[in-house]
Every structure is written in structure tokens, then in C-alpha cells.
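**Student:** Sharing a structure, written as C-alpha cells. Questions coming.
The values are calculated or read from the model by the stated rules, or taken from the named source; none is laboratory data. Every value quoted in this text rests on a predicted model; they were computed, and no experiment measured them. Every residue, glycine among them, receives a Cβ derived from its backbone with ideal geometry; neighbour counts consider all protein chains shown. Heads up: the accessible areas ignore ligands, DNA and RNA and are worked out on the full protein's heavy atoms, side chains in. Shrake-Rupley method; radii C 1.70, N 1.55, O 1.52, S 1.80 Å.
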Amino acid sequence: MAKRSVLGLLYLLQGLQAAGEDTQAVLGDLLADMALDLNQLDPSATIDLSLEYAIQQHIVGKVKHPAIGLYIGKQFNLASYGPLLMLLMTSPRLIDAMQLGVYYQKIAFMFGCLGLTQQNDLTVLTFDSMETEPDLHRFRADAEIAGTFKLLKDMQAAMGIQIPIERVDLPFSAPVKACFLQQYQDFYNAPLYFDQPCGAIYCKTIFLNYPIVGADAITHQHYKQQCDRALRQYLQEQQQEPSITEQVLDFLKMQLYSLPPINAVAHSLGMSERTLRYRLAEENASFRALRDKLRYERACQLLQSKDLSIEQVAEQLHYNEASAFTHAFSRWSGMSPNQYRKGL
């Protein structure tokens, strides 16, 4: 069961807001069932791909904005790509960076599939959403082509170069309203061709063979090793079914301090509360122990900040009273929060 960074979901939410959509109205019932608080999502957490897929399906059924995918794609920024970005930026040439981007695409934010082909003097970066349901296909293709295009333009800006785009193919129909069509034209600033078999970005190959000024073989190798590890982990996760304990922990870790109750976690995993308790017991685990484990870890993180009072730490961890937090922390660690803090 594959996972990826929750940043993709965060960018999706930002795109909804940028398009003027009420995220609570769009996702309210779904979020309520899973007890997810959008303001509590941890940017460093991961999300199961099947859960993110379900959220996307829900959004497509609720939002009819003709350019919602474009708004979402615009939210992606360079910093979110981590080691992959540094690998691309330290490549010898732009064509090498594009080839590596295609090779390591699984550790980025894509559901679809990137490809790289040559057509005479043009290099073509292609995208296939791999989705058969029409509305979801448009949503994904729109967002991910825009996100890929933004990555290319942002990288060029960071390098101080500008490569002209010859053409952009979009595998969906053009918006009917002129105001939305203009948004696409302004964003891509290149000849647009709608209703194409797949997404594609065309540029002259000669421009991609120029050396990258910031190329650094040693640094490049360092980040390549990091990307190799991330790709191996991704492929392993696809082949292995995680334990129910791991699935519960992954879901709980999506939120910083507001941990969902067991019925919400069971709902997100597609089972009853009773079944979840039974399957955890088979692995010698309990939901309460897993929640306590995470609460303790996060309490320790918060207590490292001397600027936060014990009352403020308790509040962030959603305890009604500081005394309840103190009692729980003493049970977990054998010492009070103040004693723990003094020992740091």
C-alpha cells in the first residue's frame, strides 16, 4: 500500500481556497466522518494513496469549477520537492534534469505517468492521468500538468534562464467561458491545444542541452542517493501490505495534535470499530496505546519549547485541563511535565 507526502493534499486544499471554494462546505461531511481537522494537518506526515484518491473523488463530485485543477497546480512550489529538486538543479544539463524527473516521478506528487519523447528537433514531456472516470481524469490531468509546468518554470527562474515553450497539449476540453480560458492562456503563455490524447509540453531540444550553471557532480550524487532510497521505499510499500498497527499510526500522524477517535480511524480504513479493535489485538496492540504513544511523543516535542507553559502544552494536545495532561504524562513517563523539562 503506497504512501506519499500529505503536501499534495495540502496543495489541493490551497487550490480550492484560491478558487473561492468553501473547503468546509466541500469536504465537511467527509472530514467529519474521519475526524480530520484541516488546520491540524502535519506537513511532514504521509497519506495513503487510496485515502487521497477517495478525497479527490469526493471533491470532483462536489466542485464544478471549470479551472479547479489549474488553481491546484499553481500551488505547488519548489521547496516541497526536497531532495528531488536538488537532484534536478545540480544536473549537468536541463535534458538530464528532465530525464531524472521522469525516472523519479513516483516520489513526487503525481498519480499519473510522465514520459519523455523526441519529435524531430523538439523534446516532449508527456503526461497521462491513467484515470478512466472522465471527471476525475480532467481534475487530475489539469492539476498535475499545471504543477509540472510550474515546476519547470520555477526551476528556470531559480537558474536565471528562460526557455521558450513551443506548445502545450491538454487532454480535456477548453472552458466554455472566455474568462476561464484566458486564465489558461495567461498561465501557460504558449499555444494551447485542448482535447488532445494526452498532456504534453514541447520545447526545442537545443535549449535543453545547455549546461546548468549550478551543476555539481558531488552534490548531485549525494541527492541521487537520497532519491534512490526514497524510490526503493516507495516500491517496497507498493509490494507489502502494512500491518493494521502501521495503518492506524499513519492516519493518526496526519494531524499534529488533534488525534481522531477510533470510530473515525475505522471509517477511514473501511472497517467497523469492532473489527479494528479485533485486528489490533491480533497484533498485540490497542488503539489507546497507539494514541498515547503519539501524544507522549508530541508532548515531549512541545515541552522542549520553554516559551510554552504547561497549560498551553495541554491545550495544544486537546486536554481540557492541565491537571489531566500532567496525570497522563506522569503515567507515560514516570515523571511530571516540569520534571521532564528540567531534565532537558
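**Student:** If you take the residues of region 313-333 that are open to solvent by 30 Å² or more (accessible area, probe 1.4 Å) and within 13 Å of residue 302 (Cβ to Cβ), which of them is modelled with the lowest pLDDT?
**Tutor:** Ranking the candidates gives 318 first.
**Student:** Here is a further query. Any residue that is open to solvent by 40 Å² or more (accessible area, probe 1.4 Å), closer than 24 Å to residue 327 by Cβ and not hydrophobic (A, V, I, L, M, F, W, C) - is there at least one of those in region 236-248?
**Tutor:** No; the residues of region 236-248 include none that is open to solvent by 40 Å² or more (accessible area, probe 1.4 Å), closer than 24 Å to residue 327 by Cβ and not hydrophobic (A, V, I, L, M, F, W, C).
**Student:** Continuing with this model, one more query. For region 33-42, what are the residues that are open to solvent by less than 40 Å² (accessible area, probe 1.4 Å) and either touching a Lys or Arg at 6+ places or on another chain (Cβ under 6 Å) or in a loop (DSSP other than H, G, I, E, B) (or both)?
**Tutor:** 35, 36, 42
**Student:** Which ones in region 43-71 are outside any helix (DSSP H, G or I), touching a strand residue (DSSP E or B) at 6+ places or on another chain (Cβ under 7 Å) and surrounded by fewer than 19 Cβ atoms within 10 Å (Cβ to Cβ)? If you could, list the steps in order and put the result at the bottom.
**Tutor:** The first filter runs over region 43-71 and keeps only residues outside any helix (DSSP H, G or I), leaving 43-48, 63-67.
Then drop every residue that is not touching a strand residue (DSSP E or B) at 6+ places or on another chain (Cβ under 7 Å), which leaves 46-48.
Within region 43-71, 46 is the sole residue that qualifies.
**Student:** Report yes if some residue within region 228-246 is at pLDDT 90 or above, of a type outside the set (Val, Ile, Thr) and within 30 Å of residue 32 (Cα to Cα); otherwise report no.
**Tutor:** From region 228-246, those at pLDDT 90 or above are 228-232, 243-246; that's our starting set.
Imposing the further condition that a residue be of a type outside the set (Val, Ile, Thr) reduces the set to 228-232, 243, 246.
Then keep just the ones that are within 30 Å of residue 32 (Cα to Cα); that gives 243, 246.
Yes, region 228-246 contains a residue that is at pLDDT 90 or above, of a type outside the set (Val, Ile, Thr) and within 30 Å of residue 32 (Cα to Cα).
**Student:** A further question follows. How about region 263-323: which helices (runs of 4 or more DSSP H) wholly inside it have at least 3 residues that are within 13 Å of residue 337 (Cβ to Cβ) and either touching a helix residue (DSSP H, G or I) at 6+ places or on another chain (Cβ under 9 Å) or in contact (Cβ under 8 Å) with a residue 40 or more places away in the chain (or both)?
**Tutor:** Correct list: 287-303, 310-316.
**Student:** Kindly indicate the residue of region 192-235 that is part of a helix (DSSP H, G or I) and of a type in the set (A, V, I, L, M) and also surrounded by the fewest Cβ atoms within 10 Å (Cβ to Cβ) among those meeting that condition.
**Tutor:** Looking at residues that are part of a helix (DSSP H, G or I) and of a type in the set (A, V, I, L, M), I get 218.
**Student:** Give region 334-344 a look and list any residue that's over 20 Å from residue 288 (Cα atoms) and exposed (fewer than 12 other Cβ atoms within 10 Å of the Cβ), or say none.
**Tutor:** Across region 334-344, the qualifying residues are 342, 343, 344.
**Student:** Among the candidates 139, 172, 187, which residue alone is surrounded by 15 or more Cβ atoms within 10 Å (Cβ to Cβ) and over 19 Å from residue 61 (Cα atoms)?
**Tutor:** Selected residue: 187, the only one of 139, 172, 187 that is surrounded by 15 or more Cβ atoms within 10 Å (Cβ to Cβ) and over 19 Å from residue 61 (Cα atoms).
**Student:** Got at least one residue in region 108-117 being touching a residue at least 60 places away in the same chain (Cβ under 8 Å) and over 26 Å from residue 66 (Cβ atoms)?
**Tutor:** Scanning region 108-117 turns up no residue that is touching a residue at least 60 places away in the same chain (Cβ under 8 Å) and over 26 Å from residue 66 (Cβ atoms).
**Student:** Mind listing just one residue for me: the one in region 260-285 that is surrounded by 15 or more Cβ atoms within 10 Å (Cβ to Cβ) and small (Gly, Ala, Ser) and, of those, nearest to the chain's Cα centre (by Cα)?
**Tutor:** 268
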